[in-house]
Structure formats: C-alpha cells, structure tokens
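First the structure, in the form of structure tokens, and then the observations on it.
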Amino acid sequence: MNTEWSFMVYATFALGAAAVYFLLPHTGRSTKTAGHVLGVAALAATMVLCASKFLGTEGANIFFYLSAVVAVGSAVKVITHEKPVYSALYFVLTVLAITPLLILQEAEFLAVALVIIYAGAILVTYVFVIMLSQQGGQPMHDRQSREPFLAVFGGFVTMAAIAGQMAALPEEKGIVGDFAVAAATTAINDRGVDNTSLVGTAMMTEYVVAFEVAGVLLLIAMVGAIAMSKKRVPAETALTPMPVPGKVGREVEPF
Amino acid sequence: MVELLKDQFWFSALMTVGIVVALLTAQAYSIYFERKISAWIQDRIGPNRVGPLGLLQPLADGGKFLLKEDIIPANVDKPLFLLAPMIAFGVAMIGFAVLPWGGNVDLDADGAVDVAAQVADPGIGLLYILGIGSLSVYGVVLGGWANNNKYAFFAAMRSTAQMLSYEIPMGMAIVVVVITAGTLRLEDIVLSQIGDGHVWNIVLHPFAFFILLVTLFAETNRTPFDLAEAEQELVGGYHTEYGALKFGMFFLGEYAHMITGSGFIVVLFLGGWHLPGVPGLQPGDVSVGAMLLKITVMAGKIAAFMFLFMWVRWTLPRFRFDQLMRLSWQGLLPISMALAGYATVLVYLGKSTSIPWALGGNIVLLALTLVISQLRQTPVTGRQTNMPAISLTSPAKAR
C-alpha cells in the first residue's frame with residue numbers, strides 16, 4: 001500500500017511539474033491551455049490522494065482543501081505569470097491562503113504574524129518596487145523563462161522527495177483543526193490556554209537567547225541599510241542654509 | 001429560535017448580518033454627517049434638499065453612484081483596476097468581525113451565560129485587526145498603479161510610505177495596552193479595564209492614547225494626513241480615474257476604516273461597552289436588555305470618535321510630506337517606544353494598574369519630550385530653524 005501510494009504521489013507530482021513547464025512563459029506557440037488542464041488534474045489528484053490517506057471530506061477539512069488549492073494554484077502563478085506585478089500579488093495571495101492552514105493547525109499567532117509582516121509590510125514594498133521599475137512594456141526576460149526544464153525538474157525532485165516522506169506517516173483519518181472549530185463554536189466560558197500565550201511563554205523562557213539574538217541581528221541589518229543608503233553630503237553644503245525658493249525639503253520656502 | 005441562538009455559531013451568524021447591515025447604513029450616514037458637520041463648521045447649511053433635513057441624501061447619493069456611467073479608461077490594467085476598490089472596501093469591512101459589542105449574554109435568563117455578543121473572539125483579536133489594517137494599503141497601491149495615471153501613482157506612493165511609517169508607532173502604542181492588560185483577546189482587554197482597582201486605559205496611559213489616535217488618523221488617510229488625496233496637488237489622489245460605484249467603494253471603505261479604527265481605540269482605551277458606575281453596563285449584567293444597552297454605549301462611543309475625525313478634518317490643514325515623515329520617525333516612534341518600555345517597567349514593579357505610577361510616568365515623559373524638543377531646536381514638525389523669518393504681513397501690504 002505504502003509503495004503504491006508513494007508512486008501515485010510521484011505520478012501526480014510529475015503531472016504537476018509538466019503543468020508548470022507548460023505554463024512557464026516561453027516564445028512560440030502558447031501551451032497555456034494544456035498547462036492549465038494538466039495543473040487542475042494534478043491538483044485534483046493530489047487532493048484525492050490526501051483525502052484517501054489522511055483526511056476525510058467532512059467538517060473543517062473543506063477549509064483545508066479550499067485554501068490548499070488556492071495556495072498551490074497561486075504559488076504556481078507566482079513563477080509562471082508574465083507580469084511581475086501580478087507575480088508579487090499572487091505571492092500575497094499565497095501568503096493569505098496559507099494562513100487558514102496555520103489556523104487549522106492551531107497556530108493562529110503565526111498565521112496573523114505572517115499576514116502582518118509578510119503580506120502587510122514586506123510584500124507591499126516588493127509590489128511597490130516592481131511597480132516603480134516596470135513602467136513600460138515587458139522586457140524579454142519576463143516573456144521567456146531561462147532553463148525552464150531544469151528548473152521544473154529540480155523543483156519536482158525536491159517536492160517529490162518531501163512528499164514521498166508522507167507515505168511513512170501513519171494512516172489515520174482525522175479532521176484538521178478539530179480544536180480550532182470547537183473553540184470557535186463553543187461558548188466562551190470554557191476556553192483553554194491559547195496558542196499565543198504558549199508562544200509568548202516559550203519565546204521568553206526557553207528560546208529567549210535566540211529571540212534576543214534575532215532582534216539584535218535585525219537591528220544590525222537595519223543600521224547597515226541606513227548606513228548604506230545614506231548620501232554623503234560635503235560638510236559646507238550641509239551646514240550653510242540655502243533658502244532657494246522652489247527646492248523641496250529642508251530648503252523650501254514655507255509660503 | 002432561542003435554542004438555536006444559544007449556539008455561539010448561529011448567534012455569531014446573526015451578529016454578522018446585523019453588523020453588516022448596520023455598518024453599511026452607518027457608512028452612508030457618515031457621509032451625510034460629514035457634510036452636515038463640515039457645513040456647521042464653515043457656517044453653511046449643508047445638504048437639506050432630499051427629505052426632511054436632507055436625511056435621504058445618502059439614498060440619493062447611493063442611487064447616483066449606481067446609475068452613473070461606469071467608465072473604465074483605456075490603457076488601465078483592467079483586472080487590478082477592478083480589484084482595487086473591492087480590496088479597499090472588503091478589507092475595511094472584515095475588521096469588524098472581532099470587535100466585542102456586548103459582552104456575555106444569557107439568552108434564556110437561567111443564570112448561565114450562553115453566548116458572547118461578538119462575531120468571533122479569537123485569542124489574537126487585536127493582531128487580527130492590525131493584520132487586516134495592514135492589508136488595506138493594497139487597495140490604495142493597486143488603485144494608484146492600475147489606472148496608469150502618474151498623479152494617482154504618486155498619491156499611492158505617498159500613501160504607502162505614510163501607512164508603513166505610522167504602523168510602527170501605532171503598534172508600539174498598542175503594545176502599551178497589551179502589556180497592561182496582559183492579553184491580545186479584545187474582550188479580555190475590555191474586562192481588564194473594569195472592576196475594583198481598574199480604570200480605563202486612557203486614565204493610565206493618556207499619552208499612548210494620543211499617539212494611537214494620531215496614527216489612526218494617518219492609517220485612515222484622513223486630514224491632516226490625507227496626502228493620498230491631496231486634490232490641490234494630485235488632481236484627485238489615488239482614485240482619480242475611478243467613477244461611479246467603484247469610487248463609491250473607495251469612499252465607503254474609508255468610512256468603514258474610520259469606524260473600525262474608532263471601535264478599536266474605544267476597546268483599547270475607553271473600556272469598550274463599559275461605563276463606570278452605570279448599572280446594566282457591568283460584566284455581571286448578562287441579560288438581553290443589558291446586551292442591547294452595551295451595544296448602544298459602544299456605538300455611541302464610536303460615533304463620538306467619528307465626530308472627532310470629522311471635526312479634525314474640517315479644522316486642521318494638511319501636513320507637508322517631510323513634516324509627516326519627521327513626525328512619525330523622529331517624534332512618535334521614540335516616544336511610543338519609551339512608553340512601551342515604561343509599561344514593561346510598570347509590570348516588573350507590579351504597578352501596571354496603579355494610576356499615580358502610570359499617569360505620572362506619562363506626564364514625566366511628556367515633559368521630557370517637550371524639554372528635549374526645545375533643547376534640540378529641531379521641532380519634530382513645522383518650520384526649520386535655518387529658514388528666513390516669515391513676514392506676517394501680506395505681500396500686498398508689504399508693498
């Protein structure tokens with residue numbers, strides 16, 4: 001059973017790899033339709049495989065399937081879309097689609113932190129930089145991917161190696177996020193200890209050194225970024241006031 | 001019916017429907033009140049043609065938005081052009097899901113609490129609102145970029161920089177409340193401000209309250225922080241090319257954002273549905289009538305903040321962009337970090353709910369800020385010292 005199951009996983013991943021290969025931008029005849037058909041087939045097959053081994057189809061699992069499909073689909077779009085702005089936005093969608101999965105795993109703090117930090121701050125700046133740098137038409141490197149076969153093959157091998165390990169997992173059908181659903185639908189009197197306080201306690205006791213080191217590292221990175229981006233102004237021009245009308249910033253005429 | 005509602009799921013569903021309906025009405029009427037208040041401040045009459053006192057004006061506006069020609073300009077990025085107003089509106093709406101409206105409720109009066117008058121009460125309620133708020137920047141960015149207009153894109157650029165900058169002092173001001181209350185669950189934050197020896201957080205940390213208020217103005221793109229729609233400089237702002245209902249969605253989204261922000265600040269600093277000493281508004285009051293009273297009080301507090309938003313909009317002029325940035329990075333950020341640090345010290349000393357300690361610290365910090373800003377001679381906002389003096393006489397008189 002396990003060997004068969006692994007081979008079925010490999011087969012679906014090969015299907016998905018083929019779909020990605022067809023979807024990647026290239027010159028010549030468009031193979032988008034074939035890519036889409038293959039991709040939908042691969043996704044459906046993966047979901048059926050998941051359903052047959054680990055998950056049933058009842059209850060909160062619906063959320064798992066929905067967000068998993070959206071996450072995988074938009075992740076593929078991130079690398080296959082021809083317009084960089086859309087790629088970045090699909091990345092945002094991937095992040096947003098992963099949050100329900102984390103909430104189903106009772107990691108709600110991680111889920112919201114992901115949204116605030118990734119979708120809310122980092123990706124906005126990505127989107128922004130891409131928007132600023134891509135004003136004209138599409139350059140060649142966006143319309144044709146470099147080494148699509150090698151890239152797809154490498155991705156397939158990595159993913160299949162990870163997914164193959166799923167065969168070793170015990171075969172029991174449960175509902176993902178049983179707890180989360182129960183917590184959301186029962187009266188608020190019987191709350192348990194929530195995930196956030198556990199994360200906080202662990203961070204401040206067991207992993208406090210790592211936590212502090214990460215903070216210092218980020219601070220160093222920030223100081224470094226500021227130091228690198230700071231323009232060097234000769235001392236005399238920086239000190240003497242130059243009230244020139246029409247100059248934006250410090251030298252601007254107020255009225 | 002009552003049996004069904006005793007299940008939190010169905011009660012939440014009912015609350016969702018009620019809140020969405022109330023919210024859409026409130027947004028429409030916020031626009032009406034915005035116009036009335038602006039008229040009042042500028043000594044005009046305001047809308048008075050449609051219905052008694054102009055009360056049907058929002059309906060007329062809505063009809064106009066619906067029936068106007070829906071123009072999509074050539075050369076826009078069509079999918080994103082259509083997506084942007086949806087994001088702006090949708091994101092502003094879903095933030096409401098976690099606001100605590102009425103505490104616990106005992107629906108059948110048998111002495112046992114059945115449900116919470118709240119759509120959802122996740123352990124991360126506060127972070128949820130922050131996360132949703134941080135997504136709202138996409139509506140502005142995409143709206144500004146997709147319509148292929150340089151002015152609009154410039155507005156989006158300003159707005160993004162502003163929102164990202166003001167999110168940081170906002171987070172720090174919120175950290176003060178989180179440290180004082182010791183929880184991220186909004187209902188628990190309300191409860192932590194109630195009872196013997198507990199006061200509303202605004203009494204303990206007025207400075208943090210003020211910083212949160214200022215950053216909320218910036219996050220909602222309201223005057224004096226409305227550089228995203230500075231019509232004198234940018235034609236119209238990031239929604240220049242939008243017309244009909246798509247513009248209406250941006251417009252309503254702004255008001256929804258304001259209402260969420262007001263609810264947020266009410267919950268964090270003004271005790272949510274609680275009024276001290278008033279029977280029916282205490283945590284122990286769980287009857288249906290008390291719930292309705294609590295919802296009314298909460299809505300009233302939110303309405304008061306909405307009035308403040310409008311009052312400020314029609315009173316203060318807009319910041320210049322460099323003033324805006326300096327205010328956030330050199331002014332609000334160090335102060336809010338100091339406040340957050342002070343809150344942790346209070347927790348360490350076990351004085352986090354003691355009024356003299358918390359309030360005294362806030363006053364000392366305020367005094368320190370004033371002294372330092374005086375000594376540095378570089379005001380966080382306003383004119384630079386190396387500028388020529390302003391002549392207060394008008395140019396005509398000077399000649």
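Side notes on the structure shown:
- Note on the stretch B:248-326: the C-alpha convex hull projects to 7.6 nm² when averaged across all orientations.
- Among the residues of A:113-124, the average count of other protein chain beta-carbon atoms within 10 Å of the residue beta-carbon is 5.
- Computed over the alpha-carbon atoms, chain B gives an Rg to Rh ratio of 0.99, Rh here being the Kirkwood radius from the mean inverse distance.
- Expected-Rg normalisation [2.2 N^0.38 Å, Cα atoms] applied to the protein assembly as shown: 1.06
- Drop in accessible area of at least 10 Å² in the complex versus isolated chain, residues of the stretch B:317-340, 1.4 Å probe: B:320, B:322
- Taking every protein chain into account, the accessible area of the stretch B:73-377 amounts to 36 square angstrom per residue (probe 1.4 Å).
- For the stretch B:1-49: accessible area per residue (Å², 1.4 Å): 62 Å²
- Interface area, chains A and B: about 3300 Å² of buried accessible surface, summed, with a 1.4 Å probe and ligands, DNA and RNA left out.
- When the protein assembly as shown is described by a simple charge dipole with +1 on each Lys and Arg Cβ and -1 on each Asp and Glu Cβ, the residue from B:321, A:123, B:275 located farthest towards its positive end is B:321.
- Ordering B:228, B:2, B:338 by the projection of their Cα atoms onto the charge dipole of chain B, which places +1 on the Cβ of Lys and Arg and -1 on the Cβ of Asp and Glu, puts B:228 at the extreme positive end.
- Options B:22, B:39, B:11, ranked by Cα towards positive dipole end of the stretch B:1-46, top entry (Cβ charges): B:39
- Over the stretch B:1-103, volume per residue of the alpha carbon convex hull, in Å³: 191 Å³
- Total charge dipole magnitude, chain B, about the Cα centre, Cβ charges on Lys, Arg, Asp, Glu only, Debye to nearest 20: 1760 debye
- Share of carbon and sulfur in the accessible area of the stretch B:73-377 stands at 72%, probe radius 1.4 Å.
- When +1 charges are put on Lys and Arg Cβ atoms and -1 charges on Asp and Glu Cβ atoms, the dipole computed for the protein assembly as shown relative to its Cα centre reaches about 2740 debye.
- With Cα atoms as the point set, the radius of gyration and Dmax of the stretch A:86-138 evaluate to 13.3, 45 Å.
- For the segment B:136-149, counting C-beta atoms of other chains within 10 Å of every residue's C-beta and taking the mean gives 3.
- Minimum 30 Å² accessible area buried by the other protein chains, the stretch B:180-227 residues, probe 1.4 Å, relative to alone: B:185
- Segments A:89-100, B:51-62 sorted - mean Cβ within 10 Å per residue, highest first: A:89-100, B:51-62
- The phi torsions of the stretch A:213-225, fed into the Karplus equation with coefficients 6.51, -1.76 and 1.60 and a -60° offset, translate into couplings of 4, 4, x, 5, 4, 4, 5, 4, 4, 5, 4, x, 4 Hz, rounded to whole numbers, with Gly and Pro shown as x.
- Think of it as helices only: each DSSP H run of n ≥ 4 in the protein assembly as shown is worth -39500 (n - 2.57), and spread over all residues that comes to -20500 deg cm²/dmol at 222 nm.
- Shown in residue order for the stretch B:125-138 are the 3J(HN,Hα) couplings computed by the Karplus curve 6.51 cos²θ - 1.76 cosθ + 1.60 at θ = phi - 60°: x, 5, 5, 4, 5, 4, x, 4, x, 6, 6, 5, 5, 5 Hz (x for Gly and Pro).
- With 0.36 nm allotted per residue and the present C-alpha distance subtracted, the residue B:110-residue B:320 stretch has 69.7 nm of extension available.
- Summarised as an ellipsoid, the stretch B:210-287 has semi-axes of 36, 15, 6 Å, derived from the eigenvalues of the Cα gyration tensor scaled by 5 and square-rooted, with the largest first.
The values are calculated or read from the model by the stated rules, or taken from the named source; none is laboratory data. Given the structure is predicted, the values throughout are model-derived calculations rather than measurements. In this analysis, Cβ positions are derived from the backbone assuming ideal geometry, glycine residues included, and neighbour counts consider all displayed protein chains. With ligands, DNA and RNA removed, areas are computed over all heavy atoms of the protein, side chains included. Shrake-Rupley method; radii C 1.70, N 1.55, O 1.52, S 1.80 Å.
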